[in-house]
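Single-structure report; data block below.
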């Protein structure tokens with residue numbers, strides 16, 4: 001059984017990451033990576049489903065032991081991907097989806113060059129702003145903060161292997177684009193280096 005692919009999907013607020021990834025997870029080929037964090041659970045969040053909620057001391061112990069695939073510190077809290085769970089999924093042949101920010105994505109690529117980094121974007125910055133304002137769930141200050149962060153993150157676009165655009169009402173198309181990317185990657189010669197031997201010896 002061939003190993004699954006490590007898939008990183010990043011995108012600014014309003015890109016529709018959650019919706020697009022939900023389509024992928026309806027198939028048998030993809031598994032979502034549940035991150036670990038030191039922040040307190042929010043209302044409605046469930047340990048082991050939304051996050052693995054652990055203490056800062058335990059998180060630092062896992063870092064020291066090399067048990068985190070990647071991690072970052074944000075606003076005084078640690079966030080990261082448990083290594084053991086990730087490797088179990090990949091060894092099962094399923095593709096592991098990591099929905100992480102730019103810094104985490106770049107860390108993954110440095111450690112695991114075979115990882116496939118996909119940047120999911122709204123069609124344009126103006127569409128992103130329209131989506132955020134259309135939610136009517138955040139303050140003007142928070143919207144401005146998210147838009148400023150998006151401008152900063154897009155400067156790292158070249159760190160990614162692929163870009164997928166999520167047009168309004170077309171989230172299934174974006175999911176299909178990601179599935180096509182994964183399928184092509186699995187057939188690439190760089191991932192099938194024993195073609196000659198396999199062909200001649202079977």
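Descriptive notes on the structure:
- Here the condition is being assigned to a helix (DSSP H, G or I) and either without any contact (Cβ under 8 Å) to a residue 12 or more places away in the chain or at positive phi (or both); of 22, 86, it holds for 22 alone.
- Search result, residues across the stretch 144-163 that are more than 13 Å from residue 102 (Cα to Cα) and modelled with pLDDT under 95: 144, 145, 146, 147, 148
- Some residue of the stretch 77-96 being within 30 Å of residue 147 (Cβ to Cβ), surrounded by fewer than 21 Cβ atoms within 10 Å (Cβ to Cβ), out of contact with any helix residue (DSSP H, G or I) (no Cβ under 7 Å at 6 or more places or on another chain) and at pLDDT 95 or above: no
- Filtered residues of the stretch 25-49 (kept if free of Cβ contacts under 8 Å to residues at least 60 places away in the same chain, within 16 Å of residue 98 (Cα to Cα) and surrounded by fewer than 18 Cβ atoms within 10 Å (Cβ to Cβ)): 26, 34, 48, 49
Residues are listed down the side, and each one gets a yes or a no for (1) in contact (Cβ under 8 Å) with a residue 12 or more places away in the chain; (2) at negative phi; (3) in a helix (DSSP H, G or I):
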| residue | (1), (2), (3) |
| --- | --- |
| 148 | no, yes, yes |
| 168 | yes, yes, no |
| 173 | no, yes, yes |
| 178 | yes, yes, yes |
| 193 | no, yes, no |
| 196 | no, yes, yes |
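- Filter result (in contact with a strand residue (DSSP E or B) (Cβ under 7 Å, 6 or more places away or on another chain) and assigned to a loop (DSSP other than H, G, I, E, B)) within the stretch 89-98: 94
- Of 53, 59, all but one fail to be surrounded by 20 or more Cβ atoms within 10 Å (Cβ to Cβ), at pLDDT 90 or above, over 15 Å from residue 99 (Cα atoms) and out of contact with any helix residue (DSSP H, G or I) (no Cβ under 9 Å at 6 or more places or on another chain); the exception is 59.
- Taking the listed residues 24, 69, the one that is modelled with pLDDT under 95 and touching a strand residue (DSSP E or B) at 6+ places or on another chain (Cβ under 6 Å) is 69, with no other qualifying.
- Considering the stretch 99-127, and only residues there that are assigned to a helix (DSSP H, G or I) and in contact with a helix residue (DSSP H, G or I) (Cβ under 6 Å, 6 or more places away or on another chain), the residue that is modelled with the highest pLDDT turns out to be 106.
The values are calculated or read from the model by the stated rules, or taken from the named source; none is laboratory data. Please read all numbers here as calculations on a predicted model, not as lab measurements. FYI the Cβ positions are ideal-geometry reconstructions off the backbone, even for glycines, and counts take in every protein chain you see.
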